[in-house]
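Chemist: Mind having a look at this structure? Questions to follow.
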Amino acid sequence: MPFNRHSLTRLRWLAFIVFSVMLLQPLAVRAEATPEYKIEAVYLLNIVRFVNWPKNSFAAADSPLVIGVLGENPFDHELEKLFKGKLVGGRTVVVQWMATAADAKSCQVVFIPASEQANLRGHLETLRNAPVLTIGECAEFLDDGGVIRFFVEQNKIRFDINKAQADAEGVQLDSQLLSLANAVRETAGRKGGN
């Protein structure tokens, strides 16, 4: 059966649609959290269960616990999925994406991904003296005043804690959490003035 002009146009449109879908598919896959960030999301869920914040870090007795992700969102929607319907310390959990550290001062937890390394020291300085549990990935995170640093060692996610920095921020870490850390530092980083 010979193709007429109308059939050829329809065939070109169909080929264009199929080609477009094929081009867009890798973008959708890239938008998902990597396995590393899926594991870090689970760590976050478990870590916040072992933390106590001062009462003044919440606006009201029924205020949610807010987890802020500063800058680029490496988790995709993993955090929302994990925390949906769960209570931490009797509070619901809200995950928010923050553009600036100043916006993140109202959070109880702030995750600073490796993509924010160039701004790390400034972010931590902005969050100084706020009762915020800071969690990050950069090698100098604890030195610059962060509290918990995730890192990969032998293909496993591990974490170090700067307990002195947590104490300086008024954030209490349970001894069980401290016992699970790879290392616990007892001296505050630059953010705490040391």
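Chemist: Can you name every residue in the stretch 150-168 that is open to solvent by 30 Å² or more (accessible area, probe 1.4 Å) and closer than 15 Å to Glu186 by Cβ?
Modeler: Lys163, Asp167, Ala168
Chemist: Going by what's in this entry, would Leu178 be described as at pLDDT 95 or above, open to solvent by less than 60 Å² (accessible area, probe 1.4 Å), more than 16 Å from Gly122 (Cα to Cα) and not β-branched (Val, Ile, Thr)?
Modeler: Here the answer is yes, as Leu178 does meet what is asked.
Chemist: Please find, within the stretch 64-122, the residue that is nearest to Val147 (Cα to Cα) out of those that are in contact with a Cys (Cβ under 8 Å, 6 or more places away or on another chain) and outside any helix (DSSP H, G or I).
Modeler: Of everything passing the filter in the stretch 64-122, Ile112 is nearest to Val147 (Cα to Cα).
Chemist: What are the residue pairs meeting all of these: first residue in the stretch 84-100, first residue closer than 10 Å to Leu65 by Cβ and hydroxyl-bearing (Ser, Thr, Tyr), second residue in a strand (DSSP E or B) and at pLDDT 95 or above, Cβ atoms under 8 Å, and 6 or more apart or on different chains?
Modeler: Sorted first by the residue in the stretch 84-100, then by its partner, the pairs are Thr92/Leu65.
Chemist: On to the next question. Of all residues in the stretch 71-103 being open to solvent by less than 40 Å² (accessible area, probe 1.4 Å) and among the small types (Gly, Ala, Ser), which is farthest from Ser57 (Cα to Cα)?
Modeler: Step by step, filter the stretch 71-103, then rank; the result is Gly71.
The values are calculated or read from the model by the stated rules, or taken from the named source; none is laboratory data. If you're wondering where the values come from, they're calculated on a predicted model, not measured in any experiment. Every residue, glycine as well, gets a Cβ built from its backbone with ideal geometry; the counts of neighbours run over all protein chains shown. Just so you know, the surface numbers come from the protein's heavy atoms only, side chains and all, with ligands and any DNA or RNA stripped out. Shrake-Rupley method; radii C 1.70, N 1.55, O 1.52, S 1.80 Å.
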